[in-house]
Amino acid sequence: LRVDLKDNNVISSSLGGDLGGNGDLNIYVYKFQGGLDVHISYNTHELSLPMPPLNQSINLGQRGTNGDVFWNIEGTWTQRNEDQLELKRIYKRAPSVIIPGTGMSVYKMVKMIDRNPGKYYATIATDMYPEGAIRGQFSRGWPKPLFTRPVC
């Protein structure tokens with residue numbers, strides 16, 4: 001699964017998004033003998049300081065609406081260059097890893113997003129933009145659905 005995050009996708013009652021900020025979120029499922037791993041990668045470009053972001057999450061909500069947090073993705077941001085940050089999170093043996101507060105495994109949550117991507121969006125919030133600096137709606141078709149192609 002992949003989603004592009006942009007400033008003008010933010011639905012905010014006050015500031016709107018971080019002008020010029022953008023990024024992407026990629027979710028990969030790797031099948032190997034004995035299990036599945038889920039790799040999550042956030043990248044940001046040109047977000048306003050201060051950094052790192054306050055939080056990053058996948059939320060329930062159709063395009064144009066705000067919704068509750070579905071999955072708060074925790075991890076450590078690293079500086080890739082002057083204006084680019086990256087967060088990578090790897091869940092080993094994803095079907096057995098339960099996300100705190102959800103009662104669901106990482107694998108089940110990824111499958112739920114893949115089955116109905118239009119119900120979910122990804123967002124990153126910063127100190128300056130607590131309602132969201134950048135946001136992107138998941139959608140079907142780019143890339144192909146996660147579980148209908150071979151994974152490596």
Exercise for the section: Using a Gaussian network model of the chain whose springs link C-alpha atoms within less than 10 Å, name the residue from GLY20, GLY118, GLY103 with the highest mean-square fluctuation. Expected result: GLY103
Problem - Residue-normalised accessible area of the chain, expressed per residue, 1.4 Å probe, Å² - result: 53 Å²
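Can you give the extra length, in nm with one decimal, that the chain gains between VAL69 and GLU131 once fully stretched, where that is 0.36 nm per residue apart less the Cα-Cα distance?
21.1 nm
Just to make sure I understand: if all protein chains stay in place, what is the order of ILE98, ILE27 by accessible area at 1.4 Å, largest first? Present the calculation step by step, with values, prior to reporting the outcome.
Details: ILE98 95, ILE27 0 Å².
Largest accessible area first, the residues go ILE98, ILE27.
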Completion exercise
Rounded to the nearest Å, the spacing of the alpha-carbon centers of the range 1-23 and the range 89-107 is 27 Å
Practice task
Give the relative contact order (percent, whole number) for the chain; include only Cα pairs under 8 Å separated by 6+ residues.
Solution key: 32 percent
Handout entry: In the range 77-115, the chymotrypsin sites (Phe, Trp or Tyr not before Pro) that fall in loop regions by DSSP, at most 11 other Cβ within 10 Å
Key = none
Practice task
Calculate I(q)/I(0) for the chain by the Debye formula, one identical point scatterer on each C-alpha and no solvent, and give its log10 at q = 0.15 Å⁻¹ to two decimals.
Solution key: -0.75
Problem - Residue pairs, from the table LYS31/LYS119; LYS31/LYS88; LYS6/LYS88; LYS6/LYS31, whose Cα atoms sit over 23 Å apart - result: LYS31/LYS119; LYS6/LYS31
Problem - Among GLN84, GLN56, GLN137: highest mean-square fluctuation, GNM of the chain, C-alpha pairs under 10 Å - result: GLN84
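The values are calculated or read from the model by the stated rules, or taken from the named source; none is laboratory data. Model, not experiment: these values are computed from the prediction. Positions of Cβ are backbone-derived with ideal geometry, glycine not excepted, and every protein chain shown enters the neighbour counts. Protein only, heavy atoms only, side chains kept; ligands, DNA and RNA dropped before computing areas. Shrake-Rupley method; radii C 1.70, N 1.55, O 1.52, S 1.80 Å.
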